[in-house]
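Report on one structure; see the data block that follows.
The values are calculated or read from the model by the stated rules, or taken from the named source; none is laboratory data. Just so it is clear, the structure is predicted and the values come from calculations on it, not from any experiment. Every residue, glycine among them, receives a Cβ derived from its backbone with ideal geometry; neighbour counts consider all protein chains shown.
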Amino acid sequence: MNLVVNGGAESGPGGSAEPVGSVTGWVVAQGAPALVGYNVGAGYPTPADPGPVRRGSRFFSGGESPRTALVQDVELPLTGTTGRAAVDAGRVRYTLTAWLGGYAAQEDGARLSVEFRDAKGTPVALSVLGPVTAADRGARTGLLERTASAAVPPGARSARLLLVLTRSGGGTSNDGYADGISLGLTATAGATSTGGRT
Amino acid sequence: MTRTDRRNLLKAAAAVGALNLAWPLSAGLSPAQAREAAEALGADYDPAPFTLGVASGDPLPNSVLLWTRLAPEPLAAEQPLPEVVEVEWTVALDRTLGQVVAHGTAPASATLGHSVHVPVQGLRPDTRYWYAFKALGRTSRVGRTRTAPAGGARRVRFAAANCQAFHDGFYAAHRGIAREDVDFVVHLGDYIYEHGQVGGVPADHVRDHEGPSVFTVADYRRRHALYKGDASLREAHAAHPWFLTWDDHEVVNDYSGTGGGAPFMQRKAAAYQAWYEHQPHRDDGAFALPDPEIHRVRRWGDVLELTVLDLRSYRSGQNLPDGTILGEGQKSWLKRGIDRAPDAWHVWANSIMLSQLRGRPGGPYMFTDQWDGFLAERKEVLGHVHNSGLEDLVVITGDWHSAFVDDIRTDFDDPTSPVVGTEFTAHSVTSGAYSADWNRTNGPLMGAANPHLKYFEGNRYGYDVYEVTPERFSAHMRVIADRRDPASPVTTLTSFHVDRGSTGSYEDPATKHSPAQWRRE
């Protein structure tokens, strides 16, 4: 199950290249993103460009701010096969996935990270995806899939997603693009941690 | 190994070209072989898995942050460890850890380089504590720390260090800091350097980087681990709690955190992550890793308010009409802090020089990477200091690899403008300064070109110790005799004082005839 709300930019205001003031499921911490439709054209990614197979109708872009940042806090499940008991037993893994991209040969970019935190808010795990470079994209407009997987450390209680879209050089358009953001938990058979009392 | 033996070994190795075999350590060597080679040439480490030592930071009246990192093979890209390792921690009132006041466990994740950061809560104000970690059946060295007083303190002493290029010398300055009777240490940046090998061992350098320029998380981890291969640095971390800011070389020379394309953003994120993994940094910012928020305000009782600035993450390019070195958010935060500042000494931990610095009369600014490249913002901030009536401002600075003392004026081009504070720029721990010839020639030129400049000394290395009472702020310039000597003795070159309620500093009469390349009489 994807724990991310609106990881595909499909909900709430948007649809054009105009920046929006709020984004369903996310806190706009800096700048103002645009939730651009794949049908907008004008150089933005289209359904024909590299990107998620099932990409819906919209994607995140950085709008017109040099740095746009979106934050989403996710509470980890209380119970179940990936609940707190399983986390504390070292039997849960996470997988973070996103499609990240940019425009042509420009180096505007998108970076997605997840920071797992314990009950006091202290970071206990971190995965960072991207930003993909123009070289990664072959200087072609589009989005590439990036993924990371690791153990959820015992004591983890929440996850903070941070999506950062950055503009390079001049111009007004921040062409860091993101879509298909997901965070999933899976139960594992054995513990991935080892005790300190051996 | 004695200094002489090590230097002779280096000379002998260089003479036969053997350094090319030992350095870079990563070239064709396993991590264990690399570590062995590093140790043969001067690096050493604590017993595994706590090779990089222990540290504490960000002391509050009721809390301090404890740090360690498990790195059985400190120079390896990946540690031979499980993905997550449980680490026990203990805090006690005595060095034998008999009177335990807090303990617990924390997970060390491979995703964070198997580092742990423990914000210990519920401690008593103004109290000394000792701490240690256990993992994998091993126990770390015992570290010493302390909490801040809640109020009523009559004195605070702290040290400031900056610029510690590994290849330029051994950390005798940190050995000195470890032995100082101080409440805390402030590191002003350039904790590591990102570039590749400098060569020239041993004529100009006592040791070298382990490989080429660093770009990835694995690269930066290895570089931090190399630097922590100096026992004196680990000793200083274990002896006192630290506050930290950073300058440019934690990422790359002269960078702006807001500029650059995707390849640079990758590099910056890698550098920031590795910095966090290796420092006793309490991360409770509004964002999240890999963008740690490091600017903060802390108080040491009623005596001192410490403002730690971040002059890299949010800056624009240099020499722009609307350029910023603080970023809009941090500037507003700083000005709000000035508006509601308590009646205390106000110290800004400032990585890079605030005061104007022209190289010669009528000449251009020497470096616009420092505040001289952000004129409008400097004028705005210092004008705000003056207009708000803030008194007793002392700015402590690094970066320059030489010692300066400046009057801070609201308009440095107008010698009649108000003095609003004093800036002490400290000697570097090791990073190379200009030559003695350059200093002798240019000290008087800088003095003539900058009426606010009171003192310049660039022939030495060391750190500052600040002694603060409600009545007086004293800066003691500690210098080492020889940065090529790991145990070089420490002496006090000179001291400057600022009296409470007055602006401007004065040199201690007992040391005002010490060597310097500029001194305003």
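Odds and ends about this structure:
- Odd one out for B:I480, checked against (1) touching a residue at least 40 places away in the same chain (Cβ under 8 Å); (2) under 16 Å from B:W400 (Cβ atoms): (2)
- When B:Q356 is tested against (1) buried (at least 23 other Cβ atoms within 10 Å of the Cβ); (2) touching a Ser or Thr at 6+ places or on another chain (Cβ under 9 Å); (3) closer than 25 Å to B:G323 by Cα, only condition (2) is not met.
- Restricting attention to region A:127-159, the residues that are in contact with a Phe, Trp or Tyr (Cβ under 6 Å, 6 or more places away or on another chain) and in a loop (DSSP other than H, G, I, E, B) total 2.
Results for (1) buried (at least 17 other Cβ atoms within 10 Å of the Cβ); (2) free of Cβ contacts under 8 Å to residues at least 40 places away in the same chain; (3) in contact with a strand residue (DSSP E or B) (Cβ under 9 Å, 6 or more places away or on another chain), shown as yes or no for each residue.
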| residue | (1), (2), (3) |
| --- | --- |
| B:A106 | yes, yes, yes |
| B:V118 | yes, no, yes |
| B:G122 | no, no, yes |
| B:R138 | no, no, no |
| B:F158 | yes, no, yes |
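- Considering residues of region B:94-122 that are of a type in the set (A, V, I, L, M) and under 28 Å from the mean Cα position of the chain (by Cα) only, the residue farthest from the other protein chains (Cβ to nearest Cβ): B:V120
- Tabulated pairs, region A:103-119, first closer than 18 Å to B:G259 by Cβ, second of a type in the set (F, W, Y) and buried (at least 23 other Cβ atoms within 10 Å of the Cβ), C-beta under 7 angstrom, 6+ apart or interchain: A:A110/A:Y177
- Considering region A:98-134, the residues that are within 19 Å of A:G43 (Cβ to Cβ) and among the aromatic types (F, W, Y) include one that is farthest from the other protein chains (Cβ to nearest Cβ), namely A:W99.
- All positions within region B:258-273 that are closer than 15 Å to B:G317 by Cα and either over 24 Å from the mean Cα position of the chain (by Cα) or more than 7 Å from chain A (Cβ to nearest Cβ) (or both): B:G259, B:G260, B:G261, B:F264
- Filter result for B:R222 (within 23 Å of B:R69 (Cα to Cα) and within 14 Å of chain A (Cβ to nearest Cβ)): no
- For region A:61-87, a tally of residues being farther than 20 Å from B:S313 by Cα, in contact with a Phe, Trp or Tyr (Cβ under 9 Å, 6 or more places away or on another chain) and within 12 Å of another protein chain (Cβ to nearest Cβ) returns 1.
- Looking at A:G155, A:G142, just one residue is at the interface with another protein chain (Cβ under 9 Å from one of its Cβ atoms) and not basic (K, R), and that residue is A:G155.
- Among all positions in region B:358-368, there is at least one residue which is in the same structural domain as B:D399 (by TED's automatic domain parsing), under 22 Å from the mean Cα position of the chain (by Cα) and under 22 Å from B:D190 (Cβ atoms).
- Only one entry of B:G362, B:G373, B:G383 meets the criterion of being surrounded by fewer than 23 Cβ atoms within 10 Å (Cβ to Cβ) and at positive phi, and that entry is B:G362.
- Residue tally, condition outside any strand (DSSP E or B), under 18 Å from the mean Cα position of the chain (by Cα) and exposed (fewer than 14 other Cβ atoms within 10 Å of the Cβ), over region A:25-55: 2
- Answer from B:G501, B:G432 - the residue that is assigned to a loop (DSSP other than H, G, I, E, B), of a type outside the set (D, E), surrounded by fewer than 17 Cβ atoms within 10 Å (Cβ to Cβ) and in contact (Cβ under 8 Å) with a residue 60 or more places away in the chain: B:G501
- Within region B:63-93, being under 24 Å from the mean Cα position of the chain (by Cα), within 26 Å of B:W300 (Cβ to Cβ) and more than 12 Å from chain A (Cβ to nearest Cβ) holds for one residue alone: B:V64.
- Unmet criterion (only one of (1) assigned to a loop (DSSP other than H, G, I, E, B); (2) closer than 19 Å to A:V5 by Cα) for A:Q106: (2)
- Checking each residue in region B:441-498 for being closer than 30 Å to B:W300 by Cβ, β-branched (V, I, T) and not in a strand (DSSP E or B) picks out only B:T469.
- Boolean, B:E210 is modelled with pLDDT under 95 and either under 19 Å from the mean Cα position of the chain (by Cα) or among the charged types (D, E, K, R) (or both): yes
- Residue in region B:468-478 that is more than 16 Å from B:T425 (Cβ to Cβ) and surrounded by 21 or more Cβ atoms within 10 Å (Cβ to Cβ) present: yes
- Residue match in region A:158-172 (condition: without any contact (Cβ under 8 Å) to a residue 60 or more places away in the chain, more than 8 Å from chain B (Cβ to nearest Cβ), among the aliphatic types (A, V, I, L, M) and under 23 Å from A:V5 (Cα atoms)): no
- Screening region A:123-160 for residues that are over 17 Å from A:V71 (Cβ atoms) and among the polar types (S, T, N, Q) and picking the one that is surrounded by the most Cβ atoms within 10 Å (Cβ to Cβ) gives A:T141.
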